[in-house]
Amino acid sequence: EAAGPGLLAGARWGIPTIPAYLKPQGYRCGFIGKLHMSGTPWDYGYDDAQPMDGGACERNRTWQARPFGAYLREKGMDPAAPLRVDQAERGVHYYRGGEWHAMSGRLLDHGPEHTGSAWFFDEARRLLEHYAIQGGPFLLQVHLAQEPHWPMLVPEPYAGMYRPEDIAERPNFRDPLRDHPRAHARVRDAWRTGNATWQQWAESQAKYLGLMAMVEDQAAAFLGEIDRLQFAANTIVAWTADHGAANGAHGIFDKDHRLVEETCRIPLIVRWPAGDVGSGRQVAYAAQNLDLLPTYLEAAGV
């Protein structure tokens with residue numbers, strides 16, 4: 001079939017995904033952002049969605065999604081206006097598709113409210129308000145896409161929040177990769193970033209840190225919406241990622257084949273007001289993203 005093999009085919013073969021477990025228990029299931037799998041959120045059983053491309057929202061059961069262009073117009077931005085970027089010429093440039101590209105830059109004419117992550121969180125807020133009116137338990141997944149991801153195109157005030165000269169060189173930046181799989185050096189060479197100096201990496205790293213600060217502020221505001229709607233007392237919130245970023249660790253770019261600490265160790269922060277887990281508790285053992293599903297189901301009594 002057009003979707004090919006993989007997870008969507010697995011869903012068609014009856015392999016359950018999280019809505020299949022929760023919907024029979026009366027949960028409404030919403031999805032905002034990047035699916036990162038074949039097909040659409042509706043193919044996996046979600047009731048309401050705003051996918052990254054903004055398409056096919058007529059398949060939503062009860063909620064009217066809002067495309068990115070409409071969101072930008074509400075924020076006073078012409079969606080057809082070309083994106084203007086003050087590229088960080090002192091930063092890292094990578095080679096892809098026959099061209100050189102800047103890894104980072106400062107967005108001109110844009111504020112934090114004009115970013116894709118702001119749109120996703122605002123759509124999530126709207127869907128959360130809808131679920132508050134509808135009543136009953138819900139699952140809402142918000143999957144960010146471009147932010148915080150390369151190329152790091154950052155609006156002010158976040159673009160200037162961190163100074164490159166304050167970012168110390170990574171201890172493993174000059175690693176010759178002799179003790180790594182050969183694929184590590186091969187993929188580094190594929191991006192042609194091997195000759196970039198730490199001063200260049202620090203410039204791009206500063207933009208990356210600013211982008212993360214922006215996303216964290218947006219997430220904090222969304223937590224405030226959960227509180228405002230009085231969902232906080234019985235809602236579990238998990239903040240995690242699909243991968244990290246090397247950003248100059250071992251002198252390499254992106255992630256790809258590299259099983260190194262900087263790409264494998266990702267955040268997993270949980271707010272669980274009703275659970276007896278202890279405020280500020282940290283655990284030292286390994287946890288993985290696939291641990292989340294059974295944890296959610298047990299907490300929901302499924």
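The values are calculated or read from the model by the stated rules, or taken from the named source; none is laboratory data. Worth saying up front: this structure is predicted, and the values here are computed from it rather than measured. So basically every Cβ, Gly included, is an ideal-geometry build from the backbone, and we count neighbours across all protein chains shown. Side chains included, ligands, DNA and RNA excluded: accessible areas come from the protein's heavy atoms. Shrake-Rupley method; radii C 1.70, N 1.55, O 1.52, S 1.80 Å.
Please list, in chain and number order, the residues 5+ apart from C29 or on another chain whose amide H is under 5 Å from its amide H, with Hs placed from the backbone.
Placed amide hydrogens put D47, D48, L139 under 5 Å from C29.
What percentage of all Cα-Cα pairs in segment 228-300 are separated by more than 15 Å?
64 percent
Just to verify a number: FRET efficiency for Y95 and R182, C-beta to C-beta distance, R0 = 22 Å, to 0.05?
Approximately 0.65, to the nearest 0.05.
Within the chain, what's the longest run with no GluC sites (Glu not before Pro) in a DSSP loop and at most 14 other beta-carbon atoms within 10 Å? Give the range, please.
Between the exposed loop sites, the longest stretch runs 170-302.
Please report, to one decimal in angstroms, the Kirkwood hydrodynamic radius of segment 163-288 built from all distinct Cα-Cα pairs.
About 17.2 Å, per the Kirkwood formula over Cα pairs.
Ignoring ligands, DNA and RNA, what accessible area per residue does the chain give at 1.4 Å, in Å²?
For the chain, the solvent-accessible area averages 56 Å² per residue.
Sorting W119, W272 by accessible area (1.4 Å probe), largest first, what list results?
Result, largest first: W272, W119.
Need the full-extension length gain, R192 to A70, defined as separation in residues times 0.36 nm minus the C-alpha distance. One decimal, nm.
Fully extending the segment from R192 to A70 adds 40.1 nm.
Rolling a 1.4 angstrom probe over the protein chains, ignoring ligands and nucleic acids, what is the accessible area of W100 in square angstrom, nearest 10?
Probe radius 1.4 Å; accessible area of W100 about 130 Å².
What distance in nm separates the two pseudo spin-label positions at R84 and I266, each 7 Å out from Cα along the beta-carbon direction?
Calculated label separation equals 3.6 nm.
Count the lysine pairs in the chain whose Cα atoms sit under 25 Å apart, keeping only pairs 8 or more residues apart in sequence or on different chains.
Here the count comes out as 6.
Please give the helix 198-228 orientation as an angle from the longest Cα principal axis of the chain, in degrees from 0 to 90, rounded to the nearest 10.
Helix 198-228 and the main axis of the chain meet at about 10 degrees.
Let me know the volume per residue of the alpha-carbon convex hull for segment 89-156, in Å³.
109 Å³
Would you please give the residues with an amide H less than 5 Å from that of H143, counting only those at least 5 places away or on a separate chain, with H modeled from the backbone geometry?
Amide H to amide H, under 5 Å and 5 or more residues apart or across chains, H143 pairs with I32, G33, K34.
Tell me the label-point distance for the pair A238, D53, using the 7 Å Cα-to-Cβ offset, in nm and rounded to one decimal.
For A238 paired with D53, the spin-label model returns 2.8 nm.
Please compute the Kirkwood hydrodynamic radius over the chain, one decimal place, Å, based on all pairs of different Cα atoms.
21.3 Å
Could you go through segment 122-129 in sequence order and give the Karplus-derived ³J(HN,Hα) for each residue, using 6.51 cos²θ - 1.76 cosθ + 1.60 with θ = phi - 60°, rounded to whole Hz, and x for Gly and Pro?
Per residue, the Karplus-derived 3J(HN,Hα) values read 6, 5, 4, 4, 5, 5, 4, 4 Hz.
Probe 1.4 Å, all protein chains in place: accessible area of D53 in Å², nearest 10?
Probe radius 1.4 Å; accessible area of D53 about 130 Å².
Over the C-alpha atoms of segment 120-186, what are the Rg and the largest Cα-to-Cα span, Dmax, in Å?
20.8, 59
Using a 10 angstrom cutoff on alpha carbons, build the Gaussian network for the chain and name the most mobile of G97, G160, G30.
G97
For S38, list long-range residues whose amide hydrogen, built 1.01 Å from N in the peptide plane, is under 5 Å from its own amide hydrogen.
L7, L8
Counting only protein heavy atoms and a 1.4 Å probe, tell me what percentage of the chain's accessible area is made up of carbon and sulfur.
Ligands and nucleic acids excluded, carbon and sulfur give 52 percent.
R228 to V302: FRET efficiency via 1/(1 + (r/R0)^6), r the Cβ-Cβ distance, R0 35 Å, to the nearest 0.05?
The pair R228/V302 has a calculated efficiency of 0.80.
Please report, largest first and rounded to whole Å, the three semi-axes of the ellipsoid equivalent to segment 186-253, where each semi-axis is the square root of five times an eigenvalue of the C-alpha gyration tensor.
In descending order the semi-axes read 37, 14, 6 Å.
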